[in-house]
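What follows is a single structure, written as structure tokens, with notes after it.
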């Protein structure tokens, strides 16, 4: 496959992946996209797999949920508005001399307020209240109730609370936002990892089907050739030009190839099922075929040190573990903050106004600050036993150490896996070269045996062996090419470069 063809086959998936992230609902249709007529290309397989993959759809949804969580936490410290309206009617009987009279009252009050909690700990609240009341008061010794009011009141209450020790700063108040941002970063990475895994899996399945089809094609060609040669040999036997014994190896060869062809066709059917599942097709589909073009040859094998360093720096699998370390650090910071003594400073201020039978009097008194009250306070909270909070803080610190140790272990395992994949890739690439050389020699040997058999100098057994050697060498070339591609895909996925590689071609 040429480099230009590879680029054309590889350009679509990442663009599709970006579209999935932006509009997952539109990208993931309920029914899989229809397959194009004829053999499938890598681009078509990737396109169908990206649209179908339930695991990728789940990763996209999780990333969207994480983003919404960040949005919710980011808006947590907006002002809160309150409002209230009350009406009260009271009646109270009272004995006055020889009679019983009833005192009554009616009151209406309303209030509006705003409260603001800041992410550094300070909280402020303000409330404005308006009221009006009228009452009839029964006084013993008086023949009739005394009417009071209507009276009108206005009050403004301001309160401020500022933590001095525990809760002073952003550690406690923004811990949920920090955790949400860490989770969002991990979810985005998991989304990209899943897209990369889908690309790796579908391309690996694609090339496995290609090899299975190639093996079946080679066996079919060999069977056609073997049957033709057997027919020619039988004609020669009937003409007396060849002994009957010369036909037996050829008949054995036909039977052997037919047996191998049955196995090859079964493998093709199995690999079709695997690819059909990944692209959203029916597992019983028989029309899934791939293009005959072979995988591209690998120009060079990267250095182990470079690959290991890239894997540790960019691997998707480490993003989640690094997020776990960051989450543990947030937990440790919060636990240490909770272990501090609570000491809060507070202040309050009230401005009041009251008018009897005239609203203007209440407004004048309120506006002239004639009735002002205020105060300051300190609140200390000191537990009698600090064992619990200190234990929680120590546990949180140990959680950070454990998360770091897990990250270090994963980094070492990842570097090992990268080195093993480079070794596997190098070995498979060398096998391609040796298998091609073996196939070329086997082909030359077969040509010689064909000439010898045609001239009568060679035997049918020698010809059958030469044909089998060439067939096996050709299959080894195809198998080695697929092994190279599988190792290359796994290495690109491990180092976090498969999506970018698919976008730009290689």
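Derivation of every value follows stated rules applied to the coordinates shown; laboratory data play no part. The model shown is predicted, which means the values in this text are computed figures rather than measured ones. Note that each Cβ is placed from the backbone with ideal geometry, even for glycine, and that neighbours are counted across all protein chains shown.
Segment residue 402..residue 454, full-extension length gain: 11.2 nm, with 0.36 nm per residue of separation and the alpha-carbon distance subtracted.
Extension gain for the segment residue 369 to residue 350, taken as residue separation times 0.36 nm less the Cα-Cα distance, is 5.9 nm to one decimal.
Here is the tail figure for the range 379-441: Cα pairs spaced more than 13 Å apart come to 77 percent of all pairs. Shown is the FRET efficiency for residue 300 and residue 176, computed with R0 = 41 Å from the Cβ-Cβ distance and rounded to the nearest 0.05: 0.25.
Give the peptides 425-438, 316-329, 183-196, 292-305 in descending order of average Cβ contacts within 10 Å, highest first.
183-196, 316-329, 425-438, 292-305
Here the spin labels are modelled as points 7 Å beyond Cα on the Cα-Cβ line, and at residue 245 and residue 379 they lie 10.9 nm apart. Rounded, prolate or oblate: which fits the range 286-354, taking a ≥ b ≥ c as square roots of the Cα gyration tensor eigenvalues, rounded meaning a/c under 1.5, else prolate when a/b beats b/c? Because a/c hits 1.5 or more and a/b exceeds b/c, the range 286-354 counts as prolate.
Note that the range 418-466, at 20 °C in a medium of 1.002 mPa s, gets a Stokes-Einstein diffusion coefficient of 168 µm²/s from its Kirkwood radius over C-alpha pairs.
Counting each DSSP H run of 4 or more residues in the chain as -39500 (n - 2.57), what helix-only mean residue ellipticity at 222 nm follows after dividing by all residues, to the nearest 500 deg cm²/dmol? Value at 222 nm, helices only, nearest 500: -21500 deg cm²/dmol. Computed extension gain for residue 109 through residue 87, at 0.36 nm per residue and net of the alpha carbon distance, reaches 7.3 nm. With q set to 0.16 Å⁻¹, the log10 of I(q)/I(0) for the range 148-197, from the Debye formula over equal scatterers at the Cα positions, is -0.71.
Applying 1/(1 + (r/R0)^6) with r as the Cβ-Cβ distance of residue 282 and residue 68 and R0 = 30 angstrom yields a FRET efficiency of 0.25.
Semi-axes of the equivalent ellipsoid of the range 416-506: what are they in whole Å, largest first, if each equals the square root of 5 times a C-alpha gyration tensor eigenvalue? Kindly include the intermediate steps, with their values, before the conclusion.
Working: eigenvalues 323, 27, 13 Å².
The answer is 40, 12, 8 Å, longest axis first.
Distance distribution note for the range 95-198: the fraction of Cα pairs above 18 angstrom is 73%. According to the Cα-based calculation, Rg over Rh for the chain is 1.34, with Rh computed by the Kirkwood formula.
Per the Debye formula on identical point scatterers at the alpha carbon atoms of the range 61-123, with no solvent, log10 I(q)/I(0) at q = 0.18, 0.23, 0.27 Å⁻¹ is -0.84, -0.97, -1.06. Inverting the pair-averaged 1/r between distinct Cα atoms of the range 330-375 gives 14.0 Å as its Kirkwood hydrodynamic radius.
Over the Cα atoms of the range 311-443, the radius of gyration divided by the Kirkwood radius equals 1.56; this is the Rg/Rh ratio.
Taken along its three principal axes, the alpha carbon spread of the range 160-283 comes to 117, 25, 14 Å, from the longest extent down to the shortest.
Stokes-Einstein D for the range 46-95 at 10 °C, 1.306 mPa s, Kirkwood Rh over Cα pairs, in µm²/s? Rounded to a whole number, D works out at 96 µm²/s.
Per residue, the Cα convex hull of the range 229-331 amounts to 251 Å³.
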